[in-house]
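For reference, the structure discussed in these notes is given below.
The values are calculated or read from the model by the stated rules, or taken from the named source; none is laboratory data. Being a predicted model, the structure only gives us computed values, none of them experimental. Cβ placement follows ideal geometry from the backbone for every residue including glycine, while neighbour counts extend to all protein chains displayed.
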There are 2 protein chains.
Amino acid sequence: MRVLVLGGSGFIGSHVVDQLLAADVKVRVFDRGPERYREKLPGVEYLFGDFRDSVAVIEALADCDVVLHLVTATVPGTAAMDPLADVRDNLLPTIALLEGMVKVKVPRLVYLSSGGTVYGVPEAVPTPENHPLRPINSYGIVKVAIENYVTMYGREHGISTVIIRPSNPYGPRQGHTGLQGIIGTFLNRILNDEAIQIWGDGSVVRDYIYVEDVARLCCRAAFGDRPGVYNAGSGSGLSVNEIVEALRDVTGKDIQPTYLPGRAIDVPRSVLDISQARAEFDWEPVVASREGIDLTWKWMREL
Amino acid sequence: MRVLVLGGSGFIGSHVVDQLLAADVKVRVFDRGPERYREKLPGVEYLFGDFRDSVAVIEALADCDVVLHLVTATVPGTAAMDPLADVRDNLLPTIALLEGMVKVKVPRLVYLSSGGTVYGVPEAVPTPENHPLRPINSYGIVKVAIENYVTMYGREHGISTVIIRPSNPYGPRQGHTGLQGIIGTFLNRILNDEAIQIWGDGSVVRDYIYVEDVARLCCRAAFGDRPGVYNAGSGSGLSVNEIVEALRDVTGKDIQPTYLPGRAIDVPRSVLDISQARAEFDWEPVVASREGIDLTWKWMREL
């Protein structure tokens, strides 16, 4: 069995690759370049190229049994700055990928969407997969469009498709430039003795999931044959203030954040209902938040 | 007051322009070229250009109080043939339009979406506007993405936006190449003594609305200041077989259709709930199906 991991050098992708290697399958990574924090891994076939280069992507599909599509050219913050680029660099190349999968006859696709943005302001918390999709930012709008195309190509061309909607993943190898996840960003600022700023009053609730738990669901989905849409969350929510408290405990530092005005981009409360993934893939998040933050802190101090 | 009608030379656009002229406002049309079935109208300012040319579109925005966006580069059939072009030619230029409206400070936008495709297979008939959006074809997927961007730009940049979701419009000046609406297509085949073919058993139910009724809602929305999303349908559904019966009555011809296998692209039943447009715009469809088909038949015979 050969698995193609699009975006395999990225944050979640690198953990997916680790688990695929442990499962002893052939792993091909397509990404812009090598991982940021590690050397090339033995046993992985690397293809470096641009996801927008449809010929390169189609070449990468050869002899693959499953595609794990984890590429995202944007994060919510950058997508908001340039919605045109968001569509051009994420949606268009994904349609080209789907066209390529039809031509090359790759039978299965796992697509990593976004449980934190596709639902918009949730009417029900925890939010189940069949909740209406009413995204309020460009990142979520594009994710919804991609999901719709994935499902359409699956139905029309007999590709077995899985969509995974992670909540807020965090953990080792996440970028910490301030654009992705607060846990990595805040830990990095604590490490550098920099002040921590919070948008709003810290009451915004998110569902933080350790990256290895997300990666494990991706791999189970890749190895399975069941199609569908599955949330991947921790099963519970933490406020930003609770996260700060956990960071104090883990780092032993007396953190005193500054509170800034809230952002329109923030959904007030987002916690995912993960009963579908539990039932269908016998999957369970196993790393609790304190443990996950501790592992991330350890990784960051050893960088 | 100056109204810019993007797609003002098209089927629905031409009727919108008629009604705007009757209401004595300044009308600017932006389209690829003049109308197909009529000469240029006196009193209309025509700008001919490509909707994908964002500079031309931004120039067209100058000194406008309202934009009516009725451009669609595809219909459901052609969108399915080339989803990449569907995104490139409809979604990307609409985002550029929204960016342009922010820069030029045009305060109001009316966007013509698609009530027949955005809901997918409806869970409730008649379908209300807050029904989940689960489009099953490319045309609907792109319409949903555009709607989401329209709403997002409206919220983030203070543009007052109205989205109108027409069911199945028909009437004079509709193309009748077989790609758009069955009423025009069938009438044209009857006129030319050609056989009529029906996909499926003729039980597919649609909500056919006379084009002038849709145009009237577009104009009320353009003149109003209320934002929101509004279905535009007839309030009831007709099966393809009922349409054929109406065509027999109107044309006096003994039509014997051939039945072909059904298409995956067809939602089995689509009728819109129009109570919102009734309540908010004091709007009501006034042309019954028999009368509308008769008006369309008369127009076609005089071509």
Among the residues of the range B:108-128, are any acidic (D, E), farther than 21 Å from B:G233 by Cβ and out of contact with any Leu (no Cβ under 8 Å at 6 or more places or on another chain)? no
Considering the range B:41-76, residues that are buried (at least 16 other Cβ atoms within 10 Å of the Cβ) and farther than 23 Å from B:V162 by Cβ, and then whichever is nearest to the other protein chains (Cβ to nearest Cβ), we arrive at B:Y46
Would you confirm, using the coordinates I've provided, whether B:D213 is within 19 Å of the chain's Cα centre (by Cα), away from chain A (no Cβ under 14 Å) and among the acidic types (D, E)? yes
Please indicate, with yes or no, whether at least one residue in the range A:29-38 is of a type outside the set (G, A, S) and either farther than 25 Å from A:T296 by Cα or assigned to a helix (DSSP H, G or I) (or both). yes
Whichever residue in the range B:77-109 is closer than 23 Å to B:G224 by Cα and of a type outside the set (A, V, I, L, M) and, among such residues, is surrounded by the most Cβ atoms within 10 Å (Cβ to Cβ): B:T94
Only one of A:G140, A:G115 is closer than 28 Å to A:E284 by Cβ and outside any loop (DSSP other than H, G, I, E, B). Can you tell me which? A:G140
Residue check for B:E156: of a type in the set (D, E), farther than 30 Å from B:K298 by Cα and assigned to a loop (DSSP other than H, G, I, E, B): no
Test for A:V150: is it hydrophobic (A, V, I, L, M, F, W, C), surrounded by 19 or more Cβ atoms within 10 Å (Cβ to Cβ) and touching a Ser or Thr at 6+ places or on another chain (Cβ under 7 Å): yes
Criterion first (within 25 Å of A:G235 (Cβ to Cβ), within 13 Å of chain B (Cβ to nearest Cβ) and surrounded by fewer than 24 Cβ atoms within 10 Å (Cβ to Cβ)) does A:E156 satisfy it? no
So which residues in the range A:59-81 are over 15 Å from the mean Cα position of the chain (by Cα) and modelled with pLDDT of 95 or more, if there are any at all? A:E59, A:A60, A:L61, A:A62, A:D63, A:C64, A:D65, A:V66, A:V67
Output the residues belonging to the range B:95-106 that are within 10 Å of chain A (Cβ to nearest Cβ) and touching a helix residue (DSSP H, G or I) at 6+ places or on another chain (Cβ under 7 Å). B:I95, B:A96, B:L98
Between a first residue in the range B:183-199 that is assigned to a strand (DSSP E or B) and a second residue that is basic (K, R), which pairs have beta carbons less than 9 Å apart while being 6 or more apart in sequence or on different chains? B:Q197/B:R189; B:W199/B:R263
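For every residue, the table says whether it meets (1) of a type in the set (S, T, N, Q); (2) at the interface with another protein chain (Cβ under 9 Å from one of its Cβ atoms).
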| residue | (1), (2) |
| --- | --- |
| B:Y119 | no, no |
| B:T127 | yes, no |
| B:P132 | no, yes |
| B:G140 | no, yes |
| B:M152 | no, yes |
Just to be sure I understand, how many residues within the range A:134-189 are farther than 20 Å from A:A222 by Cα and aromatic (F, W, Y)? 3
Residue that is nearest to A:V75 (Cα to Cα), among those in the range A:178-195 that are buried (at least 16 other Cβ atoms within 10 Å of the Cβ) and more than 22 Å from the chain's Cα centre (by Cα): A:R189
Checking B:A145 against (1) touching a residue at least 60 places away in the same chain (Cβ under 8 Å); (2) assigned to a helix (DSSP H, G or I); (3) not β-branched (V, I, T), the condition it does not meet: (1)
Residue in the range B:5-22 that is surrounded by the fewest Cβ atoms within 10 Å (Cβ to Cβ), counting only those that are closer than 13 Å to B:G43 by Cα and of a type in the set (A, V, I, L, M, F, W, C): B:A22
Are any residues in the range A:258-279 closer than 20 Å to A:A232 by Cα and either touching a strand residue (DSSP E or B) at 6+ places or on another chain (Cβ under 7 Å) or hydrophobic (A, V, I, L, M, F, W, C) (or both), and if so, which ones? A:D266, A:V267, A:R269, A:S270, A:V271, A:L272, A:D273, A:I274, A:Q276, A:A277, A:A279
Conditions: (1) modelled with pLDDT under 95; (2) under 22 Å from the mean Cα position of the chain (by Cα); (3) crowded, with 17+ Cβ neighbours inside 10 Å. B:I198 meets all but one. Number of the miss? (2)
Residue count, the range B:59-101, condition part of a helix (DSSP H, G or I) and of a type in the set (A, V, I, L, M), comes to 14
Just to check your reading of the model, which residue among B:D193, B:D201 is closer than 20 Å to B:S239 by Cα and either within 13 Å of chain A (Cβ to nearest Cβ) or among the charged types (D, E, K, R) (or both)? B:D201
Given (1) surrounded by fewer than 19 Cβ atoms within 10 Å (Cβ to Cβ); (2) under 13 Å from the mean Cα position of the chain (by Cα); (3) modelled with pLDDT of 95 or more, B:G175 misses just (3)
